[in-house]
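To start, the structure under review is shown below, and the notes come after it.
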Amino acid sequence: MSTSADAASAKSARLPELRLEHLVREATRLFQEFGYRNVSMEQIGATVGLTGPALYRHFPCKQDILAQALTAQVRTVSRFMADAQERGGTPEEQIVLFFDALGDMTAHRDVSILWNRERLHLERPGLSELNRSFGGLVDTLAAKISAARPAVDPAGAELLATAVLSVYSSTARMRGSLSAKRLMQVQRALTDSILDCDLATAPVVMGTDDARSRRSPIARRERILDAATELFFVRGFRNVRIDEIAAHAGVSVATVYHEHAGKTEILWTVIRRGIEGLLGTSIAALDGAAAGDTLDVLLLEQALAGFAGHVISSPELRSRPGIDGQLKKLAYAILIPRARI
């Protein structure tokens with residue numbers, strides 16, 4: 001079964017390659033600057049001298065251009081990994097080469113905006129394909145981490161890979177007034193701190209999975225919030241219905257409305273819960289920071305927020321035994337890197 005990106009690629013094959021690359025670059029710039037919904041086909045076509053109707057002959061809809069732009073990003077990062085594997089003699093060298101290339105790209109271009117914000121405008125098949133591509137990249141990086149740190153189990157390596165990739169996908173949030181050189185220094189310090197994090201010493205928070213606890217009001221409320229969080233991330237807030245949240249949580253629609261007044265209240269609860277967790281960890285980090293490090297901690301909180309988003313959207317990560325303790329360890333590794341920056 002072909003993906004939306006494959007279909008877009010086939011239909012755009014008649015455009016000269018250089019012109020197509022130029023169009024995708026300009027569409028990426030427009031989407032990042034103005035937002036996907038605020039950019040028209042006419043504006044995109046004008047960047048390469050095409051009218052709107054002429055552009056429709058190559059791309060049936062704007063979704064296809066967005067799919068092409070996002071696929072181009074995935075392919076670029078995949079090339080970084082392939083190049084690192086070819087040039088690096090050891091897993092450690094390959095990891096360094098990969099993040100050098102990724103850091104250089106993200107520090108000099110705000111590519112992370114397209115992935116974090118505009119990706120959610122893709123329809124479900126295209127979005128699922130991109131998420132699978134990201135998952136493949138996580139798996140490849142996790143294998144390198146396992147080879148470089150044999151004491152780290154596969155699940156821990158996957159979590160470390162997810163955490164460190166989230167640093168680079170959060171570049172737009174972290175940038176502020178930093179120069180590209182300074183931003184790359186911050187990225188490198190965070191990468192080293194995360195990859196050195198000892199997840200094995202994280203405390204395990206014991207819980208219970210018996211039927212009684214799953215039927216309790218608190219358990220139901222958490223299942224509803226978890227289901228809503230996952231669906232909002234994968235499909236976007238506007239594209240999720242209450243009955244879909246209920247089905248995903250394994251409860252009735254009436255139960256959802258008993259716990260929450262509506263979809264907007266669910267969203268605010270999800271956001272508030274995430275903010276409270278970030279604030280708690282950030283306050284602890286600020287307490288341990290020197291006076292001159294305060295601004296750095298606030299900047300690094302943006303990287304932590306990006307990682308938290310990845311975890312919140314992943315049912316597999318959220319349900320992993322011991323994840324609470326591991327997340328706390330990684331939060332401190334992000335907020336208080338071992339190397340002074």
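The values are calculated or read from the model by the stated rules, or taken from the named source; none is laboratory data. Predicted model only: the values in this text are computed from it and were never measured. Cβ sites come from the backbone with ideal geometry, for glycine too, and all protein chains shown count toward neighbours. Areas reflect the complete protein model, heavy atoms only, side chains present, ligands, DNA and RNA absent. Shrake-Rupley method; radii C 1.70, N 1.55, O 1.52, S 1.80 Å.
Descriptive notes on the structure:
- For the range 78-119, the spherically averaged projection of the C-alpha convex hull amounts to 3.1 nm².
- Linear extension gain, SER40 paired with ALA180, 0.36 nm per residue minus alpha-carbon span: 47.3 nm
- Working from label points 7 Å from Cα in the Cα-to-Cβ sense, the GLU244 to ARG25 distance is 3.6 nm.
- Subset of LYS181/LYS328; LYS181/LYS263; LYS62/LYS263; LYS144/LYS263; LYS62/LYS144 violating a 31 Å alpha-carbon distance limit: LYS181/LYS263; LYS144/LYS263; LYS62/LYS144
- Here r is the Cβ-Cβ distance between ARG57 and SER128 and R0 is 30 Å; the resulting FRET efficiency, rounded to 0.05, is 0.60.
- Here the Karplus relation 6.51 cos²θ - 1.76 cosθ + 1.60, evaluated at θ = phi - 60°, turns the backbone of the range 32-46 into coupling constants of 6, 7, 10, x, 4, 5, 9, 10, 9, 4, 4, 5, 5, x, 4 Hz, with x for every Gly and Pro.
- Rolled with a 1.4 Å probe across the full set of protein chains, the surface gives LYS263 an accessible area near 40 Å².
- At a probe radius of 1.4 angstrom, the accessible area of the range 87-153 per residue rounds to 47 square angstrom.
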